[in-house]
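Input: a single structure, listed below in structure tokens.
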């Protein structure tokens, strides 16, 4: 059976939730990708601009608010670049 871990165990505890709320608020709860092209789409996800695997940090300057489809698209693009 596959073992699951909690969000806290994966590093998304109280401090992350607080940071997530600060970034969403900073970005007016809007997806920054869509906002940049004049579209208003609510953000649901927090994204590392530079992924942690690539040396990115949890600093607010490295975090952006995205809608779920934009976040999934960016993650898939990053994953395909890192695949052999």
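Observations
- Total residues in the stretch 42-83, condition buried (at least 18 other Cβ atoms within 10 Å of the Cβ) and at positive phi: 0
- Members of the stretch 12-41 that are without any contact (Cβ under 8 Å) to a residue 24 or more places away in the chain, on the phi < 0 side of the Ramachandran plot and in a loop (DSSP other than H, G, I, E, B): 12, 13, 36, 37, 39, 40
- Check on residue 19, at pLDDT 95 or above and under 10 Å from the mean Cα position of the chain (by Cα): no
- Number of the condition not met by residue 82 [criteria: (1) modelled with pLDDT under 95; (2) under 20 Å from residue 16 (Cβ atoms)]: (2)
- The residue pairs whose first member lies in the stretch 54-78 and is part of a helix (DSSP H, G or I), whose second member is surrounded by 14 or more Cβ atoms within 10 Å (Cβ to Cβ) and at pLDDT below 95, and whose beta carbons are closer than 7 Å, counting only pairs six or more residues apart or on different chains, are 78/51.
The values are calculated or read from the model by the stated rules, or taken from the named source; none is laboratory data. It should be emphasised that the depicted structure is a prediction, and the values quoted were computed from it without experimental measurement. Here the Cβ is made from the backbone with ideal geometry for all residues, glycine too, and neighbour counts use every protein chain on show.
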